[in-house]
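What follows is calculated from the coordinates using simple rules that are stated; it is not laboratory data. All of these numbers come straight from a predicted model, not from anything done at the bench. FYI the Cβ positions are ideal-geometry reconstructions off the backbone, even for glycines, and counts take in every protein chain you see.
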Amino acid sequence: MPRLTLRATATTAGMLLALALSGCESGPTYPKARLVESLQGLLKEDQLDATVRFVDHPLGVQLSYPGALTQTNTSITLGPEFQEATRKVLTAIHRVSLSTDADIQFYILLLSDPKAPGAYLTMVRYLDDVKRANANMIDSPEMFARTIFELSYAGTTPVSLDQYVPRDIKLEEFLSWQLARRIQYALAEKLKPSGVLSVGRCGGRFQDGEFDFMLDVSPAAGGTLDEAALDQVFTLSTRVIANVLASYRFDRFDAVRLTHPLSGRNLLLPKTRLEVAR
């Protein structure tokens, strides 16, 4: 199976935000009853091979675009036409989702390339983040950090939009996905330069009122993971979680659990403890 990598640059992040947004009128330009039909029509006008699905609050778009992805025997990366593909499809998504009476809270883009069969990029965004970015309330790097990007390889089995948008998405689920990646990036930025520790894929989920995060940190070749380093891992992860949840003003949870499988160390933080961590 190819190794999955995502080459995201500041230029790409800025491009994804610099999209045309339609203005407000007295009534919705794209009524909920014709939401899917309207977006499908806009995509077709731009000669995009795409399908649209709207379930409860998530809006899903599946797009196949030549040159959007590049696949080799060992990796999947962004292709030379990635920026053009996302510019076109996100312009249409934003145009419709910001001018409708439908209660869209998230949108999901499933991007593939006919020349890279089995390779997919999934992008998930919270629409309120898009609105805040448009109002200059959050900058491009922060918007990029709030966007879920996932490169994956499905093999010979085609992936359908129904599989990616089978039901509603809750904000707490989205935050668990986002936080797992932000923790991973923060740990990698802080720990990898030393060459002593290696940071792998961190996981996150929300269940029964509790955020649960798995911290994949291990000694690099010739390195050791002592108590001081482990304390640093937990402290940095806690700070990331506290700051992000505060920025969303999200308090519909009871506790946060951090687990480091390699050492067996487990930390349970009640909601009140996170305020101190900030």
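Laid out as a table, the results:
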{"read-out": "Euclidean distance of C-alpha centroids, region 101-123 and region 126-178, integer Å", "value": "9"}
{"read-out": "Per-pair calculated FRET efficiency, R0 = 45 Å: Arg252 and Arg87 via Cβ, rounded to 0.05", "value": "0.80"}
{"read-out": "Sequence-separation-based contact order of region 3-169, relative, with Cα cut under 8 Å and 6+ spacing, percent", "value": "29"}
{"read-out": "Identified option (computed mean projected area of the Cα convex hull in nm²; candidates [x] 17.7; [y] 16.0; [z] 14.3)", "value": "[y]"}
{"read-out": "Candidates per trypsin sites (Lys or Arg not before Pro) in region 153-236, loop by DSSP, up to 10 other Cβ within 10 Å", "value": "Arg167, Arg201"}
{"read-out": "Relative contact order %, region 172-277, counting alpha carbon pairs below 8 Å whose residues are six or more apart", "value": "26"}
{"read-out": "Acute angle (nearest 10 degrees) that the helix 35-45 long axis makes with the longest principal axis of the chain, alpha-carbon atoms", "value": "80"}
{"read-out": "CD proxy at 222 nm, helix term only [per DSSP H run n ≥ 4: -39500 (n - 2.57); per residue of the chain; nearest 500]", "value": "-11000 deg cm²/dmol"}
{"read-out": "Restraint check, Lys115/Lys170; Lys88/Lys131; Lys170/Lys192, Cα-Cα greater than 29 Å", "value": "Lys115/Lys170; Lys170/Lys192"}
{"read-out": "Average projected area [Cα convex hull, region 172-277], square nanometres", "value": "6.2"}
